[in-house]
Amino acid sequence: MSKLLKSWQSFLLPVLFILIWELWAIKTNNPALVPRVEAVLYVIIQPFSELIGTGSLAWNTAVSLFRVIIGFSIAVIFCVPLGLWMGTSPTIHRLVNPLVEMFRPLCPIAWIPFAMAFFGTTRLPQLFGIRYTDTILDSVQIGMVFIIFWGGLFPILLNTIYGVNGVRSLWIETAQMLGASKRQIFHKVILPASLPAIVTGLRVGLGISWMVIIAAEMLPGSDSGIGYLIMYSYELAEMQILVACMVMIGLIGLVLNKGLEFISLRVSRWQSLER
Amino acid sequence: MNKLTLKGLGKVFNGEDGREIEALRDINVGARSGEFICIIGSTGCGKTTLLRLIAGLTPMSTGQVLLDDKLVENLNRDCTLVFQQLSLFPWFSVQGNIEFPLELKGVDKSEREARVKELLKMVGLEGVANSKPYELSGGMQQRIAIARALAYDPEILLMDEPFGALDEKTRQKLQNVLLEVWKKKKKTILFVTHNIDEAIVLADRIIVMAPEPGRIINDIEVTLPRKRDRLTNEFIKLHIEIRNLLEVSD
């Protein structure tokens, strides 16, 4: 089969989907229910224009992304070392694991009301005693960071532990036999050997964080972010904005996933080729 | 004076049902410096366990390991073990693998590169420094593992059936490579195998073991001149002698 035909096959169903959507929109003839494809596109191709008094699509996307980056970074900084520690020390594992098992079944979204009650609308700069910085930092509510942290927590932690446990004893003994100290074994064997699993954890965790932030932004008390924009355009029956936001969420999710997939393929090449 | 002395080594494992399994009983060996000793025995006679006790990877139940008449405790840093399984670190290149022990010792980069080059030449694998282990065949990987063990520059080289998984032709080629390396480096080698010909080709001395419990039943000095031909009468006679010993022990 020719290459051209093959690549066409991947486009066939998405194009068909958009076509059917458009026909459906024309037939319904109710933009407050089913927006036309070109109306959605019109919103997307000018991402910097002001929308329904809440800032632009680009701005709201940036706010959501920024919240995720902060919450996710904290999750990485906290979970990867803890996972490595739990993976290498049975004592730490015995101590911490019951807590992990206790909280793990709890969906991160279930934390949202708790976070709202607990943190209110406290923003990141306020933590440092600054009321207003006039930057994107003002849009980062502590409660949202907390929820994103929970979204990333378990995938990163559990995959890191899994990665460390998967390090073959043969490799550790080989390193011992070549004169490695405990510390050197950690740096030169355990860390590189568990890196593929850690990156998998990051990938899953980032995906969940991105979903959770949208949910958090939809709740009352939120005043910016793409999740907020969706809810607000729903209230105003601006369906073309609502769908444009959905497309945006999908696109960002795709880019995040592909980015980490790229890193993942690079660090785990040896793992896939070894078998 | 012996380089390596094993005094009354014994190992008892605790089985899962609480039963005690005696893997090794009263192993006494003295290895001279630069001596090539092969340990031969059928599967399950504790050959691998013996190497692991010497290396300090498995704690012994009884006995002592002495190096230059000094007691060895915990990990034996003066020896290195080449495993039967392919043990290269797959995330490092060949270069990264061989220089691993050098890097740990803090040898600087240019010196490391020179040493790796020299070692690759010694095992007959020039020009693969930048390859990844998974790009190489099993035989090549085992040669790299030997080069890496030599980079560590141990006093004693322990080898646990390193050619066990290879075909006969590759195996014979690597035996010759190993003999060349041994001649150049004058290492004391303890080489575990269950292949009689391999033992005769390589060894100054063959230690024959029997199972249940793992013990030494014979210690044979191989006096055949080096570059040993597998088809001479002496070779075949020795082969039959060892085979009979192994058969009786089963």
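Do you know which residues of the range A:239-275 lose at least 40 square angstrom of accessible area in the protein assembly compared with their chain on its own, with a 1.4 angstrom probe?
A:TRP270
Suppose all protein chains stay in the model; what accessible area per residue would a 1.4 Å probe give for the range A:56-270, in Å²?
Ligands and nucleic acids excluded, the result is 47 Å² per residue.
Return the distance in nm (one decimal) between the two label points of a simple spin-label model at A:VAL37 and A:ARG94, each offset 7 Å from Cα along Cα→Cβ.
Each label point lies 7 Å from its Cα, and together they span 6.3 nm.
What shape does chain A have by the C-alpha gyration tensor, where a ≥ b ≥ c are the square roots of the eigenvalues, rounded means a/c under 1.5, and otherwise prolate means a/b greater than b/c and oblate the rest?
Oblate is the answer for chain A, as a/c is 1.5 or above yet b/c matches or exceeds a/b.
Testing the spin-label approximation: label points 7 Å from Cα along Cα→Cβ at A:PHE114 and B:ARG32. State their distance in nm.
7.4 nm
Quick check: residue separation of A:ASP223 and A:PHE128 times 0.36 nm, minus the Cα distance between them. What number comes out in nm?
Working it through step by step, the gained length comes to 32.1 nm.
Order B:MET159, A:MET211, B:MET122 by their accessible area, 1.4 angstrom probe, all chains in place, largest first.
A:MET211, B:MET122, B:MET159
Count charges around A:VAL34 for me, please; just the other residues with Cβ under 11 Å from its Cβ, Lys/Arg as +1, Asp/Glu as -1.
Details: positive: A:LYS27, A:ARG36; negative: A:GLU22.
My count for the surroundings of A:VAL34 gives +1.
Given R₀ = 56 Å, what would the calculated FRET efficiency be for B:GLU241 paired with A:HIS187, taking r from the Cβ atoms and rounding to 0.05?
Rounded to the nearest 0.05, the efficiency is 0.65.
Among the residues of the range B:132-157, which ones have their accessible area go down by 50 Å² or more when all the protein chains sit together, as opposed to their chain alone (1.4 Å probe)?
Residues losing area: B:TYR134.
Accessible area of B:VAL201, 1.4 Å probe, to the nearest 10 Å²?
10 Å²
When Lys and Arg each count +1 and Asp and Glu each count -1, what net charge do the other residues less than 12 Å away from B:PRO101, Cβ to Cβ, add up to?
Net of charged neighbours comes to +3.
Report the Cα centroid-to-centroid distance between the range A:30-101 and the range B:173-250 in angstrom, as an integer.
Computed from Cα coordinates, the inter-centre distance equals 65 Å.
Suppose accessible area is computed on protein heavy atoms with a 1.4 Å probe; arrange B:ILE242, A:ILE18, A:ILE44 from highest to lowest.
From most exposed to least exposed: A:ILE18, A:ILE44, B:ILE242.
How large is ³J(HN,Hα) for each residue in the range B:4-9, as worked out from phi by the Karplus curve 6.51 cos²θ - 1.76 cosθ + 1.60 (θ = phi - 60°), to whole Hz, x for Gly and Pro?
10, 10, 10, 10, x, 5
Quick one: net charge of A:LEU242's neighbours, Cβ under 14 Å, K/R +1, D/E -1?
-2
If you fit an axis through the alpha-carbon atoms of helix A:90-103 and take the longest principal axis of the Cα set of chain A, what angle between them do you get, 0 to 90°, nearest 10?
It works out to around 20 degrees.
With all protein chains present, calculate the accessible area of B:HIS239 using a 1.4 Å probe and round the result to the nearest 10 Å².
It works out to around 50 Å².
Projecting each Cα onto the charge dipole of chain A (Lys/Arg +1, Asp/Glu -1 at the beta carbon, about the Cα centre), which of A:ILE109, A:ILE77, A:SER169 comes out farthest on the positive side?
The residue sitting most towards the positive pole is A:SER169.
Using only C-alpha atoms and all pairs of different ones, pull out the Kirkwood radius for the protein assembly as shown in Å with one decimal.
Computed over the protein assembly as shown, the radius equals 28.2 Å.
Which translational diffusion coefficient, to the nearest whole µm²/s, is obtained for chain B from the Stokes-Einstein equation, given a Kirkwood hydrodynamic radius over C-alpha pairs, 37 °C and 0.692 mPa s? Spell out each step's value before the answer.
Working: Rh = 18.8 Å.
In µm²/s, the coefficient is 174.
How many percent of the accessible area of the range A:56-270 is carbon or sulfur, using a 1.4 Å probe?
Ligands and nucleic acids excluded, carbon and sulfur give 70 percent.
Measure off 7 Å from each Cα along the Cα-to-Cβ vector at B:LYS183 and A:ILE69, then give the distance between these two points in nanometres to one decimal.
With each label point 7 Å from Cα toward Cβ, the separation is 6.4 nm.
Got a sec? What order do A:TRP24, A:TRP111 fall in by accessible area at 1.4 Å, biggest, i.e. largest, first?
So the residues, ranked largest to smallest area, are A:TRP24, A:TRP111.
Got a sec? Charge dipole of the protein assembly as shown, +1 on Cβ for Lys and Arg, -1 for Asp and Glu; which of B:LEU88, B:GLY8, B:ASN218 is way out at the positive end?
The one lying farthest along the dipole's positive direction is B:ASN218.
Using a 1.4 Å probe on the protein heavy atoms only, what accessible surface does A:THR122 show? Give it in Å² to the nearest 10.
50 Å²
The values are calculated or read from the model by the stated rules, or taken from the named source; none is laboratory data. Owing to the predicted nature of the structure, the values given are computational and were not obtained by experimental measurement. For neighbour counting, all protein chains shown are included, and Cβ atoms are generated from backbone atoms with ideal geometry for every residue, glycine included. Side chains included, ligands, DNA and RNA excluded: accessible areas come from the protein's heavy atoms. Shrake-Rupley method; radii C 1.70, N 1.55, O 1.52, S 1.80 Å.
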